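**Q** Starting off with a structure, shown below.
The values are calculated or read from the model by the stated rules, or taken from the named source; none is laboratory data. Since this is a predicted model, take the numbers as computed values, not measurements. Note that we place each Cβ from the backbone using ideal geometry, even for glycine, and neighbour counts take in every protein chain shown.
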Amino acid sequence: MMALAGIDWNTILPAWMIAHAAALLVITPLLSGPIALVLSRGRLAWAWALGISAITFVLALILYGQVLDHGSVEYVFGNWAPPLGITYNIDALNILILLIVAGMGFLSLLYGLPSIMREIAPKDQAAFFATYMICLAGLMGVAITGDAFNVFVFLEISSISTYILVAMGAGNDRRALTASFQYLILGTIGATFFVIGVGLLYMATGTLNMADITAQLQVHGDSRVVRAAFAFIIIGLGLKTAMFPLHTWLPGAYTYSPTMVGVFLASTATKVAFYAMVRFILGVFSPAAPFDGALLELVLAPMAVAAMIICSVQALYQTDLRKLLAYSSVAQLGYMLLGLSMGTAAGVSAGLLHLFNHALMKGALFMGVGIFVLSYGVRHVKDLRGLGKAMPLAAAAFTVAGLSLIGVPLTAGFVSKFYLITAALDRGWWWAVVAILISSVLAIFYVGRMLEAMYLREAVKPAPRSKKAAGNKPPVIALVPLLILGVANIWFFFDASMPKALTDAAASALFGGGTP
């Protein structure tokens, strides 16, 4: 009997839904997108998309319950046994990503209605929600598929829809078109590198099933073709992950896209690409391979430290709130890459835990900025003056997320940074500990700039509202998801057992400790 947190899905949902949850997780939003396009009214399309997102989250919870019960789940399409057939594989590593994408997708949609009604032209609103659902399906597909070529297909589905979503911010700021074009060019280069790498892998192994590729590589061993495939795949995924210094597309995409898109992308897109990188580096290729170990220690580790410090310094000098948070996101990705580069189960687990916590903290921060924009037209750090008093609930949740970003005790960010420091000490990487501390101190300054303006400065005028501002009070439908994430940033300090158990199991399996 499969139960999750006291919920017995077998008594609530039909058996076919539980049996085919893996396939439905991708098919449901993918097929629902065109239906949203037919719904001409924006609010109706939003309600449809919200309902589908809720179903998607339930399906992710069902799969989470199955992973808890069985360790891993394999879904075979058309009764074609792998490696000939296409399979979806769910384990401790990707169920964490699926829960993040489904959960943040639902909260982003719930939050996004007021901003979309103001930022997107009425004639384009149905198309916006249709594109969003296709993007959601693509991200889910990347995380769940067990086929290397399907990873490329789903990456492109999510990327192409993301380019459109970012460009839809042009009604609010024409720079969204430039940001979308830059994202398209770099994203296409990344996809091309990735698919060339997959083709080389197929040349070397004769299969596209990721588990079978691993088995074939263990039999045939190292070769120049395999090494070339490895290099192409890592560069391609590095561009998709916004790995420093391949991150130049990210600040513009996060800053000029519609508010809801910024929330969704900051919480999910780079997390999915990072998952794919972990899966290929440690799952498909062997961590014991000479070129794999060299990449981790000689390439990824320096890039991670550079991202943590350089992008934190860049965030410190930004005046635009969303651009500040965008550079901060690249710095936080450095923490995840640092955990991966340690090449140990403890390091990878800590990096994945920070991935989970970063989705919570950065989702809340972008939501908070969006609410400030809606209510007072705030776009810059200096415009936050007095908002701590004017909007106490939104400001409180924003503050908690900012403190979590720094890694202050009693927040989720402290937990993942603690485990990162512990893993670095176990590895003997004192310099990595110093880098973590320097980056955290820099975060104190750029987060402190925002909090100082909110709480210690009086507003220049009573209500510095823009013409597009909704009024003094934040919309309740936008405030609720922000408060949920604010509470989550505290909750997972006191009880991080759920994500920590998954990250530990995933890391152990990746390093040969058994099934995730």
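**Q** Pairs under 7 Å by beta carbon, first residue within 8 Å of A126 (Cα to Cα) and touching a residue at least 40 places away in the same chain (Cβ under 8 Å) in segment 32-47, partner surrounded by fewer than 22 Cβ atoms within 10 Å (Cβ to Cβ) and of a type in the set (G, A, S), six or more apart or different chains?
**A** Matching pairs, first to second residue: L37/A127.
**Q** Name, by its number, the condition in (1) within 15 Å of A424 (Cα to Cα); (2) under 17 Å from the mean Cα position of the chain (by Cα) that does not hold for A331.
**A** Failing condition for A331: (1).
**Q** For residues in segment 58-91 being modelled with pLDDT under 90 and small (G, A, S), which is surrounded by the fewest Cβ atoms within 10 Å (Cβ to Cβ)?
**A** Looking at the filtered set, the residue picked out is G78.
**Q** In segment 202-250, how many are of a type in the set (K, R) and over 21 Å from A143 (Cβ atoms)? Walk me through how you get there before you give the answer.
**A** Taking segment 202-250 as the starting set, the residues that turn out to be of a type in the set (K, R) are 224, 227, 240.
Filter once more, keeping what is over 21 Å from A143 (Cβ atoms): 224, 227.
Qualifying residue count for the region: 2.
**Q** Just to be sure, is H354 within 27 Å of I281 (Cβ to Cβ) and touching a Phe, Trp or Tyr at 6+ places or on another chain (Cβ under 7 Å)? Break it down into steps so the answer makes sense when it comes.
**A** Numbers: within 27 Å of I281 (Cβ to Cβ): yes; touching a Phe, Trp or Tyr at 6+ places or on another chain (Cβ under 7 Å): yes.
Criteria met by H354.
**Q** Then there's this: Return the residues of segment 87-135 that are of a type in the set (F, W, Y), in contact (Cβ under 8 Å) with a residue 60 or more places away in the chain and closer than 16 Å to I477 by Cβ; say none if nothing qualifies. Can you show your working first?
**A** The first filter runs over segment 87-135 and keeps only residues of a type in the set (F, W, Y), leaving 88, 106, 111, 128-129, 132.
Now narrow it down to the ones that are in contact (Cβ under 8 Å) with a residue 60 or more places away in the chain: 88, 111, 128-129, 132.
Answer for segment 87-135, where residues must be of a type in the set (F, W, Y), in contact (Cβ under 8 Å) with a residue 60 or more places away in the chain and closer than 16 Å to I477 by Cβ: Y111, F129.
**Q** Between a first residue in segment 347-372 that is farther than 20 Å from E297 by Cα and a second residue that is in a helix (DSSP H, G or I) and acidic (D, E), which pairs have beta carbons less than 9 Å apart while being 6 or more apart in sequence or on different chains?
**A** So the pair list comes out as L353/D504; F372/D383.
**Q** Taking the condition of being part of a helix (DSSP H, G or I), in contact (Cβ under 8 Å) with a residue 60 or more places away in the chain and among the hydrophobic types (A, V, I, L, M, F, W, C), how many residues in segment 412-432 meet it?
**A** 8
**Q** Looking at (1) surrounded by fewer than 21 Cβ atoms within 10 Å (Cβ to Cβ); (2) of a type outside the set (D, E, K, R); (3) touching a Pro at 6+ places or on another chain (Cβ under 8 Å), find the lone condition where L410 falls short.
**A** If we test L410 against (1) surrounded by fewer than 21 Cβ atoms within 10 Å (Cβ to Cβ); (2) of a type outside the set (D, E, K, R); (3) touching a Pro at 6+ places or on another chain (Cβ under 8 Å), just (3) comes out false.
**Q** Given the residues A435, A478, A459, which is the only one that is of a type in the set (A, V, I, L, M), in contact with a Leu (Cβ under 8 Å, 6 or more places away or on another chain), at pLDDT below 90 and not in a loop (DSSP other than H, G, I, E, B)? Give the steps one after another, and end with the answer.
**A** Working: A435 fails: at pLDDT below 90; A459 fails: not in a loop (DSSP other than H, G, I, E, B).
Checking each option against the conditions leaves just A478.
**Q** Against the condition within 17 Å of I421 (Cβ to Cβ) and over 16 Å from the mean Cα position of the chain (by Cα), how does I309 come out, does it pass? Quick ask: steps written out before the conclusion?
**A** Values: within 17 Å of I421 (Cβ to Cβ): yes; over 16 Å from the mean Cα position of the chain (by Cα): yes.
Answer is yes for this residue.
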